[in-house]
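Trainee: Just passing along the structure, written as structure tokens.
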Amino acid sequence: MTQRESARGWPRVVWCIHDNLAGHRQQLKGLAQALQIQQSAEVYWLPYTASARGLPAPELILVCGRRTHWAGLRARWRHGGKLVALMNPGPLRPLFDASIVPEHDGLQASARTIVTRGPVNPLQPAGQGDPHRGLILVGGPSRHFHWDSRDVLQQIRRLRDALPGVEWLLATSRRTPEDFVRALGAVEDEHCRVLAATETTHGGLEAHYHERGIAWVTADSAAMLYEALSSGAAVGVLSLQPRRANRLQTGLEKLVAQGYLTDLNTVVRTGAMPAARPPLHEAQRAAAALRARQIAWSHKGHCSAPGK
């Protein structure tokens, strides 16, 4: 069997080393799920503090989140396999075989850097959602954006006035301020139901993505924006004031300019939601890119060897 033929069967065993944070697990789940579809890979989930005793040796180790990086490096040293970080591992990046990073991080694609449009996620389109049913996903204060409860509430009112024929489900998150949650009573009625963060799981939200043809997300919630863009819905962004110039805001502006995202002023002006763009398939694309790189790895060996 040639090295190229062997690479086609890679990876057969994948370890996902995680810190149990929901956003990090979603990214790992998205890539692992894509590898299972493409390669029928066996996937094993391992907390970063746990022993790997009894697990089959990995051909690929995936990590996501700062606390998982050293655990992944130790696992590769003890058990072998290739080590890949989701999100930029910072100064440790040269020690990884590859990194999968969102384009708003500002890194250039290379033999060891796969750049995706936003964080990878497990969302897949499930047919066209109902354009008369909408989803509003609300985040909260973040290190990139100021939060103004009064302004966000006003934007939601303007959105509802611009699209009066849409039935809305408004979901809060664990970051949503209490004053905003209390104020939502002013917009909840027979055409707008509020779903508190304590009433649902991330898996429950995924079902709503697939049912509804429209999704609006506050600008701070980058992961949810890219999930919505992967679901096949027409997606809009509720604006927030950036704390300073940042790559996340620049990325949002780029998506608006490219037509992937709609801003509120456009919908208010036209009285209609633009048609959905083709859904993103970044987890599948990243998985295929990793498998293609295994051909090179088969020839060159460990990426952190001198000159790699």
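The values are calculated or read from the model by the stated rules, or taken from the named source; none is laboratory data. Quick caveat, the model's predicted, so the values are computed rather than measured. We place every Cβ from the backbone using ideal geometry, glycine too, and count neighbours over all the protein chains shown. All accessible areas refer to the heavy atoms of the entire protein, side chains included, with ligands and DNA or RNA removed. Shrake-Rupley method; radii C 1.70, N 1.55, O 1.52, S 1.80 Å.
Trainee: Hey, with R₀ at 35 Å, roughly what FRET efficiency would Ala289 and Arg66 work out to, going by the Cβ-Cβ distance, to 0.05? Mind dumping the intermediate values first?
Mentor: On the way: r = 24 Å, r/R0 = 0.67.
Once the sixth-power term is evaluated, E becomes 0.90.
Trainee: Determine the percent antiparallel among the DSSP beta bridges restricted to the range 101-198, to the nearest 5. Don't jump to the answer; show the numbers that get you there.
Mentor: Working: 2 of 13 bridges.
Looking only at bridges with both residues in the range 101-198, the antiparallel portion is about 15 percent.
Trainee: If one takes the longest principal axis of the Cα atoms in the chain, at what angle in degrees, from 0 to 90 and to the nearest 10, does the Cα axis of helix 202-211 lie?
Mentor: Compared with the principal axis, the helix lies near 60 degrees.
Trainee: Another question, then. Could you look at the range 77-231 and say what percent of its accessible area is carbon and sulfur, using a 1.4 Å probe and all protein chains?
Mentor: Working: 3450 of 6800 Å².
Exposed carbon and sulfur together represent 51 percent of the surface.
Trainee: Okay, next question. With every protein chain left in place and a probe of 1.4 Å, what is the accessible surface of Asp151, to the nearest 10 Å²?
Mentor: Surface open to solvent at Asp151 totals about 70 Å².
Trainee: A further question follows. Running a GNM on the chain with Cα contacts under 10 Å, which residue among Cys192, Cys16, Cys64 ends up with the highest mean-square fluctuation?
Mentor: Cys192
Trainee: Scan (i) 62, 36, 34; (ii) 82, 39, 36; (iii) 70, 47, 32 for the value of Cα extents along the principal axes in Å calculated from this model and give just the label.
Mentor: (i)
Trainee: Can I ask one more? I'd like the orientation of helix 149-162 relative to the chain: the angle between its Cα long axis and the longest Cα principal axis, in ° from 0 to 90, rounded to 10.
Mentor: Orientation of helix 149-162: about 70 degrees from the principal axis.
Trainee: What part of the accessible area of the range 17-69, given as a whole %, is carbon or sulfur when the probe is 1.4 angstrom? Mind showing how you got there, number by number?
Mentor: Numbers: 1210 of 2530 Å².
Result for the range 17-69: 48 percent of the exposed heavy-atom area is carbon or sulfur.
Trainee: Continuing with this model, one more query. By how many degrees, between 0 and 90 and to the nearest 10, does the Cα long axis of helix 22-39 differ from the longest principal axis of the chain?
Mentor: 60 degrees
Trainee: Name the shape class, rounded, prolate or oblate, that the alpha-carbon gyration tensor gives for the range 3-98, where a ≥ b ≥ c are the square roots of its eigenvalues, rounded holds for a/c under 1.5, and otherwise prolate holds if a/b is larger than b/c and oblate otherwise. Mind dumping the intermediate values first?
Mentor: Values: a/c = 1.39, a/b = 1.32, b/c = 1.05.
Since a/c stays below 1.5, the shape of the range 3-98 is classed as rounded.
Trainee: Also: Quick one: work out the % antiparallel among DSSP beta bridges in the chain, nearest 5.
Mentor: 5 percent
Trainee: Just to verify a number: FRET efficiency for Ala275 and His191, C-beta to C-beta distance, R0 = 25 Å, to 0.05? Each step should come with its number before you reach the end.
Mentor: On the way: r = 23 Å, r/R0 = 0.90.
Here the calculated transfer efficiency is 0.65.
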